[in-house]
Amino acid sequence: MKKYVTEKQQNECIETIQTLISYPSYLREETTDGTPFGQDIVDVLDKMLAICKEMGMSTFRDPEGYYGYAEYGEGKEMLAVLCHLDVVPPGNLEKWETEPFKGEVRDGFLVGRGSQDDKGPAMAALYGFKALLDNDVNFNKRVRFIFGTDEENLWRCMDKYNEKEEKATMGFAPDAEFPLTYAEKGLLQVKLKGAGDATLALNCGGALNVVPGEAAYEGIDLEAVIKNLKAANFEYEEKNNGVTVLGKAIHSKDANQGTNALARLAMALAPLTENQAVQFIAKEVKEDAKAIGIFGELSDQMSGVLTFNVASLKVTAEESEIGIDIRIPVSADKEEVVAKLTALAQAYDLTYEEFDYLASLYVPLDSPLVKTLLAVYQEKTGDMSEPMSSGGATFARTMENCVAFGAVMPDSPITFHQENEKMSLRDIFGAMDIYAESIYRLCCE
Ligand SMILES: [Zn+2]
């Protein structure tokens, strides 16, 4: 097997990752500058496309600024490499040991926001591809790097792309782990809304993709709430005017491995309030992150078990609102899940609203795409671990016949979205080799 990547492309790759990290390209929602997600995101997209153009690729930027792509090669068929240039905000700046938007190399790691999600892996793929160009390889298919700008939020970039642009024949998203993810659960995020309650004043949890690790309460009947928490053996901390229930935060896709502090608070509150949102959580969900009580046991071999995360609860005088994140196994019927949840919510005078839905992904293990990518990974690394299914979501599910492929090696820490996000140089260079060979076998042989 030829090795295409040399030190030249490795150095270029690191430099470009650093350049991209220097753009704080996280979502600014209500922008007034005419950009969909903020000027920083448009700027990083333009920079990326300029770099691709310099490599000899033809580039296109959506005039509104939602997405861009860079293409190379010939033929009807097209391999898409699905990347994203947006990042999550830096988080707690005090916890960072480096500047989050600098991309410093420390102890063999490139550290910075986006280093692992997704600027680093995207560039590993791009410079793996560049190594093929530098080797004057002939392409009999087209390779299109698609750069999304709203992956960390609502994927509005890929919605626009799919509305207007050509779909790929096959593809991969370098935005997860090696070896390869061939199944991703359906992702359904919903809001259940009901009447308000002036005495409760709850504002717990937050992002839908996180299991609340804390839930604070400062309303009426504080003593009784604490008594109920104690009786249930739930962990909590007493604060000045209130109490904070403690749980274990974890990504919603792994909700059944976390401890939902918000659900525990609702259970402690339920005997003391008539609020129907609280009742719904306390009686129907409880601590069951698989929601077996609501849907029965939903799971399959390809993608595992359904997870159900009560991610937020807001109660004001005007309104109550529960935010829920559900990961639905590949074989399960989304409409059935919606119907059951809607009917049950109605029994609590709560109305169902869909906030976001991403259909599941499934590419069979014996498909040529999966077989090729897996073979390259195994030959390059010697690692024979099984391909995976995941409750997580990558752009792979925005097109048929796409999988998530790399770039974090199985023995490396996942630092996506965390302070001190980092990617090892070993992983970056290893991924470059794998991507170069993969693109070669898919588009050049
Ligand atoms: Zn990502």
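The values are calculated or read from the model by the stated rules, or taken from the named source; none is laboratory data. Please read these numbers as outputs of a predicted model, since none were measured by experiment. Note that each Cβ is placed from the backbone with ideal geometry, even for glycine, and that neighbours are counted across all protein chains shown. What goes into the accessible areas is simple: the full protein's heavy atoms, side chains included, and nothing from ligands, DNA or RNA. Shrake-Rupley method; radii C 1.70, N 1.55, O 1.52, S 1.80 Å.
Conditions tested, residue by residue: (1) modelled with pLDDT of 95 or more; (2) over 22 Å from GLY196 (Cβ atoms); (3) of a type in the set (Asp, Glu).
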site	(1), (2), (3)
GLU218	no, no, yes
ILE226	yes, yes, no
LYS230	yes, yes, no
PHE234	yes, yes, no
ILE281	yes, no, no
PHE295	yes, yes, no
GLY304	no, yes, no
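Only a single criterion out of (1) part of a loop (DSSP other than H, G, I, E, B); (2) within 16 Å of the ligand (Cβ to nearest atom); (3) surrounded by 24 or more Cβ atoms within 10 Å (Cβ to Cβ) is not satisfied by GLU152, namely (3). Being without any contact (Cβ under 8 Å) to a residue 24 or more places away in the chain, in the same structural domain as GLY148 (by TED's automatic domain parsing) and within 15 Å of GLU177 (Cα to Cα) holds for only one residue in ASP411, ASP383, ASP366, and it is ASP411. Listed conditions (1) part of a helix (DSSP H, G or I); (2) within 19 Å of ALA255 (Cβ to Cβ); (3) in contact (Cβ under 8 Å) with a residue 60 or more places away in the chain; (4) in contact with a helix residue (DSSP H, G or I) (Cβ under 8 Å, 6 or more places away or on another chain) are all met by VAL338, apart from (4). Considering each residue of segment 228-253, count those that are touching a residue at least 60 places away in the same chain (Cβ under 8 Å) and open to solvent by 40 Å² or more (accessible area, probe 1.4 Å), and give that number. Total satisfying the criteria: 2. Can you name every residue in segment 174-190 that is outside any strand (DSSP E or B) and at pLDDT 95 or above? If the condition is that a residue be outside any strand (DSSP E or B) and at pLDDT 95 or above, then PRO174, ASP175, PHE178, PRO179, LEU180 are the ones that fit. Within segment 190-217, work out how many residues are of a type in the set (A, V, I, L, M) and under 19 Å from GLU318 (Cβ atoms). Selection size over segment 190-217: 6. With the structure loaded, tell me whether ALA289 is under 18 Å from ASN256 (Cβ atoms), in a loop (DSSP other than H, G, I, E, B), touching a helix residue (DSSP H, G or I) at 6+ places or on another chain (Cβ under 6 Å) and not assigned by TED's automatic domain parsing to the domain that holds THR181 or whether it fails that test. Judged against the criteria, ALA289 is a match. Flag: LYS371 matches the condition of being without any contact (Cβ under 8 Å) to a residue 12 or more places away in the chain and of a type in the set (Lys, Arg).
Criterion applied to LYS130, LYS167, LYS193 was being basic (Lys, Arg) and part of a loop (DSSP other than H, G, I, E, B), and the one residue passing it is LYS167.
With the condition kept exactly as written, say whether any residue in segment 340-354 is open to solvent by less than 10 Å² (accessible area, probe 1.4 Å) and within 22 Å of GLY304 (Cβ to Cβ). Yes, because at least one residue in segment 340-354 is open to solvent by less than 10 Å² (accessible area, probe 1.4 Å) and within 22 Å of GLY304 (Cβ to Cβ). The number of residues in segment 133-149 that are in a loop (DSSP other than H, G, I, E, B) and within 15 Å of the ligand (Cβ to nearest atom) comes to 1.
The number of residues in segment 99-123 being within 14 Å of the ligand (Cβ to nearest atom) and outside any loop (DSSP other than H, G, I, E, B) comes to 5. In the condition set (1) assigned to a strand (DSSP E or B); (2) open to solvent by 10 Å² or more (accessible area, probe 1.4 Å); (3) among the hydroxyl-bearing types (Ser, Thr, Tyr); (4) under 20 Å from ASN203 (Cα atoms), TYR357 is compliant with all but (4).
Within segment 90-111, residues that are open to solvent by 100 Å² or more (accessible area, probe 1.4 Å) reach partners that are assigned to a helix (DSSP H, G or I) and hydrophobic (A, V, I, L, M, F, W, C) with beta carbons closer than 7 Å, at six or more positions or on different chains, in the pairs LYS102/ILE21. Annotation: of all residues in segment 168-185 being among the charged types (D, E, K, R) and either within 15 Å of the ligand (Cβ to nearest atom) or closer than 10 Å to MET399 by Cβ (or both), the one that is nearest to the chain's Cα centre (by Cα) is ASP175. Go through the residues of segment 314-328 one by one and say whether even a single one is among the hydrophobic types (A, V, I, L, M, F, W, C) and farther than 27 Å from VAL245 by Cα. Scanning segment 314-328 turns up at least one residue that is among the hydrophobic types (A, V, I, L, M, F, W, C) and farther than 27 Å from VAL245 by Cα. Taking segment 23-88 as the region of interest, the strands (runs of 3 or more DSSP E) fully inside it that hold 1 or more residues being open to solvent by 40 Å² or more (accessible area, probe 1.4 Å) are 58-61, 67-73. Considering (1) away from the ligand (no atom under 16 Å from the Cβ); (2) under 20 Å from the mean Cα position of the chain (by Cα); (3) assigned to a helix (DSSP H, G or I), the lone condition that ARG397 does not fulfil carries the number (1).
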